1. From 51, 46, grab the single residue that is in contact with a Gly (Cβ under 6 Å, 6 or more places away or on another chain) and among the acidic types (Asp, Glu).
2. Please name all residue pairs, on different chains or six or more residues apart, with Cβ atoms under 8 Å, provided the first residue is in the range 88-115 and is within 16 Å of residue 27 (Cα to Cα) and touching a residue at least 60 places away in the same chain (Cβ under 8 Å) and the second residue is among the small types (Gly, Ala, Ser) and not in a loop (DSSP other than H, G, I, E, B).
3. Six or more apart or on different chains, Cβ atoms under 7 Å: show the pairs whose first residue is in the range 27-46 and closer than 21 Å to residue 116 by Cβ and whose second is assigned to a strand (DSSP E or B) and not hydrophobic (A, V, I, L, M, F, W, C).
4. Considering only residues that are in contact (Cβ under 8 Å) with a residue 40 or more places away in the chain and more than 20 Å from residue 109 (Cα to Cα), look in the range 55-70 and name the one that is nearest to the chain's Cα centre (by Cα).
5. On the given criteria, is residue 78 more than 14 Å from residue 52 (Cα to Cα) and within 15 Å of the chain's Cα centre (by Cα)?
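Nothing in this text is a laboratory measurement; each read-out follows from the coordinates by a stated rule. Since we're looking at a predicted model, the values are computed, not measured. Cβ coordinates were reconstructed from backbone atoms using ideal geometry, including for glycine residues, and neighbour counts include every protein chain displayed.
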Amino acid sequence: MNILLVDDNVKITEMLSSYLTLKSNSCIVSNDGRTGLSLMENKQFDAVVLDIAMPNFCGFDVLEKLNEKKIEQNIIVLTAAPLTNKETELLKAYRVKQVLQKPVNLNTLMHSICTMM
């Protein structure tokens with residue numbers, strides 16, 4: 001599968017990319033929301049793992065722009081912070097496939113990606 005990882009934490013994207021590559025996936029990494037959005041505007045991915053809390057252009061900004069441009073991607077949100085009811089409803093409105101809490105169990109992440117296909 002072709003997977004895009006969007007997270008400002010380089011250690012997280014390195015670890016996730018290594019794991020997913022070992023599981024025979026192709027990974028592209030973006031460590032900021034704007035670059036991640038640009039990649040999603042130009043290519044369809046089998047799965048996108050998107051962090052919500054990023055500086056300058058957060059995951060909600062990415063989702064809003066995708067929604068405005070009517071671009072659909074299979075998105076799994078990763079977050080370390082608890083989400084409010086309003087944020088959870090917003091993620092549903094943006095058609096996010098799943099929300100996982102950090103630190104994420106790698107097998108759980110892989111299962112989530114596989115079940116989207």
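1. Just a single option satisfies the conditions, and that option is 51.
2. Listed by first residue and then by second, the contacts come to 113/47.
3. Once the first residue is closer than 21 Å to residue 116 by Cβ and sits in the range 27-46, its partners that are assigned to a strand (DSSP E or B) and not hydrophobic (A, V, I, L, M, F, W, C) give 36/30; 39/30; 45/2; 46/2.
4. Here the answer is 62.
5. no
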